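Colleague: One structure is given below, represented as structure tokens, and several questions about it will come after.
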């Protein structure tokens, strides 16, 4: 109770601060738009935003009402043109200072949340005064009522939520594009420094063979042997590059067997534990595979580790991966250990990476990719025609009624001679018809349950039989 009164006192004290803020805000708005002193508007708007953010935090702590930030994403920094100039509307500038200020000013003015904050600042003290008796006498209900009022005015609008999602998708797209570009550069470098160099050497060797085949056959044969060995090495190098693009075992056997094969090729003693009810989609498998490959490589090259553990499991529809090694620790994404590249791969799927690597080890890297695992029942319904899906839902929703209330429960009433008939249909009929109707109701309910199970099984019999037969999981 004392804690609630403390929150009430804090909110009422904030109202005392808001009153002079209203006067200051009104003056700065007047000077900004009436007298052309537009440079006053950005600091004034940010000041009101900070006050609104403080109120959101107080409402969350006091009333338990969570109010998200409603503001549109800030504009990106100005990008120079090919000539090095920065454009703002139809004007060119040598430095990004003025275009950045213009973009920031437009961002603040055009954001509806800015003006909602101003309305909140003007009306909120009156609301607090009106709710003061309730806040003092019943602080719990008063704080809840005030929290709902604040959420109504300070919560994000549909437009701001959509803009935030668009901004997040844009960042994710850029990260995915950067990751793809880095991967293409790596492949190009491997082909240029490895395969291409070996092919050039083979071509030069064959050219020498042409010159020596008549004058010095023994030397020509020796060079042909070298060319054969070089072609074998080139094929091995090319296969390594192909595995770096997308390992065949990953496409054919799935993530579990691909990671196990990776563990066998690693210089570390790697233990792999995989527990996945369903196989993820190919892009998800590729992202996880290359992330695990990079982490094991880092542990061997930089961490001086001897053993490692890879745990891949499902958390609902989310995929969770944990890689632990007994190396020296001290891993830092800023030191070029490849963790930035892993984060970019995961960002394409809204995945996150958590690192715990104290000096001396061990190093624990946890990755989670939300909602990337297929849900079997959702897949079945998505593949069926809509009328079948609706029919199954209706059957499951109504089959209980004839089976239990109108069937089993009515039979119990009949057996024990309970005179209460309530809404049981069979008990309102003449005696000769009661048992046939009860048995008919039970049969109808059983048939409806069987149909609800049978329809999706018939729709995809092979998948249904594979899931119903107890076999060893693929992973």
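Coordinate-derived values only; no laboratory data. The model shown is predicted, which means the values in this text are computed figures rather than measured ones. Neighbour counts run over all protein chains shown; Cβ positions are idealised from the backbone, glycine included.
Colleague: Arrange the following residues from fewest to most other Cβ atoms within 10 Å of their Cβ: 66, 294, 214, 233.
Modeller: Ordered by Cβ neighbours within 10 Å, fewest first: 214, 66, 233, 294.
Colleague: A further question follows. How high is the FRET efficiency from residue 352 to residue 57, r the C-beta distance, R0 30 Å, rounded to 0.05?
Modeller: On the way: r = 24 Å, r/R0 = 0.81.
The computed FRET efficiency comes out at 0.80.
Colleague: Something else about it: Once label points are set 7 Å from the Cα along Cα→Cβ at both residue 10 and residue 232, what is their separation, rounded to one decimal in nm?
Modeller: About 7.5 nm separates the two model spin labels.
Colleague: When you count, for each residue, the other Cβ atoms within 10 Å and take the mean per peptide, how do 352-364, 138-150 rank with the highest first?
Modeller: For the peptides 352-364, 138-150, the packing ranking is 138-150, 352-364.
Colleague: Measure off 7 Å from each Cα along the Cα-to-Cβ vector at residue 193 and residue 101, then give the distance between these two points in nanometres to one decimal.
Modeller: Between residue 193 and residue 101, the label points sit 4.8 nm apart.
Colleague: Something else about it: Which FRET efficiency value, to the nearest 0.05, is calculated for residue 68 and residue 251 with the Förster distance at 51 angstrom and r the Cβ-Cβ distance?
Modeller: My answer for the efficiency is 0.80.
Colleague: Residue 449 to residue 282: FRET efficiency via 1/(1 + (r/R0)^6), r the Cβ-Cβ distance, R0 35 Å, to the nearest 0.05?
Modeller: 0.40
Colleague: Another one. Take each of the peptides 402-413, 99-110, average the number of other beta-carbon atoms within 10 Å over its residues, and list them starting from the highest.
Modeller: Working: 402-413: 18.6, 99-110: 16.2.
Averaged packing, sorted descending, gives the order 402-413, 99-110.
Colleague: Run the quick spin-label model on residue 388 and residue 206: label points 7 Å from Cα toward the beta carbon, then report their separation in nm to one decimal.
Modeller: A separation of 5.6 nm, rounded to one decimal place.
Colleague: Then there's this: Could you pull the Cα extents of the range 254-369 along its three principal axes, largest to smallest, in whole Å?
Modeller: Computed over the Cα atoms, the extents are 37, 28, 19 Å.
Colleague: Subtracting the Cα-Cα distance from 0.36 nm times the residue separation, let me have the gained length for residue 185 to residue 19 in nm, one decimal.
Modeller: Extending this stretch completely gives an extra 53.8 nm.
Colleague: Moving on. Could you please rank 5, 289, placing first whichever residue has the fewest other Cβ atoms within 10 Å of its Cβ? Present the calculation step by step, with values, prior to reporting the outcome.
Modeller: Values: 5 12, 289 21.
Ranked by crowding around the Cβ, least crowded first: 5, 289.
Colleague: Run through every distinct alpha carbon pair of the chain and return the Kirkwood hydrodynamic radius in angstroms, one decimal place.
Modeller: Working: mean 1/r = 0.0327 Å⁻¹.
With all distinct Cα pairs of the chain included, I get 30.6 Å.
Colleague: Arrange the following residues from fewest to most other Cβ atoms within 10 Å of their Cβ: 39, 290.
Modeller: Ascending Cβ contact count within 10 Å gives the list 39, 290.
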